[in-house]
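**Q** Have a look at this one.
The values are calculated or read from the model by the stated rules, or taken from the named source; none is laboratory data. Note that the structure is a prediction, hence the values are computed from the model and not measured. Cβ coordinates were reconstructed from backbone atoms using ideal geometry, including for glycine residues, and neighbour counts include every protein chain displayed. All accessible areas refer to the heavy atoms of the entire protein, side chains included, with ligands and DNA or RNA removed. Shrake-Rupley method; radii C 1.70, N 1.55, O 1.52, S 1.80 Å.
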Amino acid sequence: MKLTEEVKENLAPDAVILDGFDDCVVGVVSTFNVSMLLLYDIEKIIRKLMKRDKMTWEEAVEYYAYNIRGGYYGTYSPVFLEWDVKNGALVPGDL
């Protein structure tokens, strides 16, 4: 999914957009109380951190867990899609 201006216009008015991660958006979701929040692919975020910021897999996962998923954004927080989880922890796929 491409995060276009049209998509942004249709989001909830206070929906959080993660700066620098537009290419990691894979869709939009709705909840009972809030409609049109961004859905980010965790693996894409991890890969981006590795490539852009020259992090190892472990550094990128730790950064994501603490600074992105662990951040408090309020009611209009983004939603994160986890593809490959083992024993409660994100594990590397085919890097």
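**Q** Less than 16 Å apart at the alpha-carbon level, and either on another chain or at least 8 residues along: which aspartates and glutamates does that give for Lys48?
**A** Here the aspartates and glutamates satisfying the reach criterion relative to Lys48 are Asp19, Asp22, Asp23, Glu58, Glu59, Glu62, Glu82, Asp94.
**Q** Turning to a different aspect of this structure: What's the local net charge at Glu59, with K and R +1, D and E -1, over the other residues with C-beta under 14 Å away?
**A** Cβ neighbours under 14 Å give a net charge of +2.
**Q** Give me the distance in nm between label points sitting 7 Å out from Cα along the Cα-to-Cβ direction at Thr31 and Tyr66, one decimal.
**A** 2.6 nm
**Q** On to the next question. Out of (1) 1.20; (2) 0.97; (3) 1.03, which label holds the value of Rg/Rh (Cα atoms, Kirkwood Rh) that was computed here?
**A** (2)
**Q** Next up: Taking the Cα atoms only, what angle lies between the long axis of helix 42-53 and the longest principal axis of the chain, rounded to 10 degrees?
**A** 70 degrees
**Q** OK, next. On the full set of protein chains, 1.4 Å probe, figure out the accessible area of Leu39 and give it in Å² to the nearest 10.
**A** The value for Leu39 is about 30 Å².
**Q** Now for a separate question. Roughly how many Å² of Met36 are accessible to a 1.4 Å probe, to the nearest 10?
**A** Accessible area of Met36: about 60 Å².
**Q** Measure off 7 Å from each Cα along the Cα-to-Cβ vector at Leu81 and Lys44, then give the distance between these two points in nanometres to one decimal.
**A** Output for this residue pair reads 0.7 nm.
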